[in-house]
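Undergrad: The structure follows.
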Amino acid sequence: MIPMMSLSSEKSTILVVDDYPANLHLLLESLKEAGYKVLIAINGESAIRQAGFAKPEIIMLDVMMPGMDGFETCRCLKQQPNTRDIPVIFMTALSETVDKLRGFEAGGVDYITKPLNIVELLARINVHLELKRAREELKKINQELQETNQKLLDSQQQLERMARIDPLTELANRRDMTERLEQEKQHSERSGASFAVVICDIDNFKQVNDNYGHDCGDIVLKSVARLLQANIRAQDHVARWGGEEFLLLLTDTNDSGAAKFAERVRAAIANEPYQYQNQALAITMTFGISMCQADKGIHLCLKEADQALYQGKEHGKNRVTVFRQTA
């Protein structure tokens, strides 16, 4: 009595490749009785075509065939992406160790000698089906783990990005800009290049909130942030420094270049039409600039830019002031 296949192997398809009719008949009847679906090929070329089309779970492959023998057929199957993972069990009367090694080197997973013992053959088929499904399940689990890890990585990167972005203006926040300032300071120490720190503040912003409400204030902040971002160079950076205050980092520039840039941005903001509930708003900003070199700390640069901003506020607002060291 031929043992039935296990439930885990139910409806498995086996491709039998043999040019000898008696062997084909024996295998066809035995495998069908055991509950397998069976496909038949009588040469290597037909086996390769059927395997690529039907994708059987196991291939039983005769070694000694006219034309393309079993070893060459197996090598061709293993070279094709859609058939290389199908287990191949060789069937042959050859029993020398060197022949078995050739089969394994060609990509076979097992070797059964003729005349065939059907009970042994079915047992080997069942083992390799279980191994194949275990590999597929492991591959699926690994794929799911990779996808989960990628999602976690994406979430981590998103959280890191959110931790560096001001949620209202979508500019960099104080934490992010502080790190960029330190990086630029290190670059300055290596290259000797100067850079500018610009602190700018929306003039009379409290009146905007008091007169029109914080919703209006938020619209103004977002509009100003958009204008600042649109006017900086690709190598420069802008951040919301706090409240209605913004900070710009201008790399590889001098005081003249920084002043010209700030004046251009000041004019763009002053000339921009602002409107809230059909009410036109006049918005201006004051800019304070500090030039930073390798021998000047970031804290001092920020302090000087803040002092320049304060001087600009004291002298009428809506202006650009470069910090000058007094004797």
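Undergrad: Filter the stretch 103-122 down to the residues that are touching a residue at least 24 places away in the same chain (Cβ under 8 Å) and assigned to a loop (DSSP other than H, G, I, E, B), then identify the one that is surrounded by the most Cβ atoms within 10 Å (Cβ to Cβ).
TA: Gly108
Undergrad: Out of Val197, Val238, which single residue is assigned by TED's automatic domain parsing to the domain that holds Gln277, among the β-branched types (Val, Ile, Thr) and in contact with a Ser or Thr (Cβ under 8 Å, 6 or more places away or on another chain)?
TA: Checking each option against the conditions leaves just Val197.
Undergrad: Moving on. Here is a check on your reading of the model: is Ala230 of a type in the set (A, V, I, L, M), in the same structural domain as Phe195 (by TED's automatic domain parsing) and either more than 20 Å from Lys185 (Cβ to Cβ) or without any contact (Cβ under 8 Å) to a residue 12 or more places away in the chain (or both)?
TA: yes
Undergrad: Same structure again: If you go through the stretch 152-168 one residue at a time, do you hit one that is crowded, with 20+ Cβ neighbours inside 10 Å and either under 27 Å from Ile14 (Cβ atoms) or among the basic types (Lys, Arg) (or both)?
TA: Looking for residues that are crowded, with 20+ Cβ neighbours inside 10 Å and either under 27 Å from Ile14 (Cβ atoms) or among the basic types (Lys, Arg) (or both), one finds none in the stretch 152-168, hence no.
Undergrad: Further question: Can you pull out the residues in the stretch 141-181 that are free of Cβ contacts under 8 Å to residues at least 40 places away in the same chain, among the charged types (D, E, K, R) and in a helix (DSSP H, G or I)?
TA: Within the stretch 141-181, Glu144, Glu147, Lys151, Asp154, Glu160, Arg161, Arg175, Glu179 qualify.
Undergrad: When the residues of the stretch 7-34 are narrowed to those that are under 14 Å from Glu57 (Cα atoms), surrounded by fewer than 17 Cβ atoms within 10 Å (Cβ to Cβ) and not charged (D, E, K, R), which ends up modelled with the highest pLDDT?
TA: Thr13
Undergrad: Within the group Ala259, Ala294, which residue is assigned by TED's automatic domain parsing to the domain that holds Val208, outside any helix (DSSP H, G or I), farther than 28 Å from His214 by Cα and of a type in the set (A, V, I, L, M)?
TA: On the way: Ala259 fails: outside any helix (DSSP H, G or I).
Result of the check over Ala259, Ala294: Ala294.
Undergrad: Let me ask something else about it. In the stretch 182-212, which residue that is in contact with a Phe, Trp or Tyr (Cβ under 7 Å, 6 or more places away or on another chain) and part of a strand (DSSP E or B) is farthest from Leu309 (Cα to Cα)?
TA: My answer is Val198.
Undergrad: Something else about it: Identify, please: which residue in the stretch 46-65 is charged (D, E, K, R) and surrounded by 14 or more Cβ atoms within 10 Å (Cβ to Cβ) and is, among those, nearest to the chain's Cα centre (by Cα)? Break it down into steps so the answer makes sense when it comes.
TA: If we filter the stretch 46-65 for residues that are charged (D, E, K, R), which is where we start, we get 49, 55, 57, 62.
Narrowing further to those that are surrounded by 14 or more Cβ atoms within 10 Å (Cβ to Cβ): 57, 62.
Details: Glu57: 34, Asp62: 46 Å.
Among them, the one singled out is Glu57.
Undergrad: Sticking with this structure for a sec: Of all residues being among the aliphatic types (A, V, I, L, M) and touching a Ser or Thr at 6+ places or on another chain (Cβ under 9 Å) in the stretch 263-293, which is surrounded by the most Cβ atoms within 10 Å (Cβ to Cβ)? Just the residue, please.
TA: Ile289
Undergrad: Looking at Lys296, Lys313, which is the one that is over 40 Å from the mean Cα position of the chain (by Cα) and either within 30 Å of Gln186 (Cβ to Cβ) or surrounded by fewer than 19 Cβ atoms within 10 Å (Cβ to Cβ) (or both)? Let's see the steps before the verdict.
TA: On the way: Lys296 fails: over 40 Å from the mean Cα position of the chain (by Cα).
Testing whether each residue is over 40 Å from the mean Cα position of the chain (by Cα) and either within 30 Å of Gln186 (Cβ to Cβ) or surrounded by fewer than 19 Cβ atoms within 10 Å (Cβ to Cβ) (or both) leaves just Lys313.
Undergrad: I'm trying to understand the selection: among the residues of the stretch 87-102, which are over 43 Å from the mean Cα position of the chain (by Cα) and free of Cβ contacts under 8 Å to residues at least 12 places away in the same chain?
TA: Glu96, Thr97, Val98, Lys100
Undergrad: Out of the residues in the stretch 182-195 that are closer than 15 Å to Cys301 by Cα and either without any contact (Cβ under 8 Å) to a residue 24 or more places away in the chain or touching a Gly at 6+ places or on another chain (Cβ under 8 Å) (or both), state the one that is surrounded by the most Cβ atoms within 10 Å (Cβ to Cβ).
TA: Selected residue: Lys185.
Undergrad: Look at the stretch 217-255 and say how many of its residues are under 31 Å from the mean Cα position of the chain (by Cα), part of a loop (DSSP other than H, G, I, E, B) and surrounded by 15 or more Cβ atoms within 10 Å (Cβ to Cβ).
TA: Here the count works out to 3.
The values are calculated or read from the model by the stated rules, or taken from the named source; none is laboratory data. Because the structure is predicted, anything quoted here is derived from the model rather than measured. Here Cβ is always computed from backbone atoms with ideal geometry, including for glycine, and neighbour counts include all displayed protein chains.
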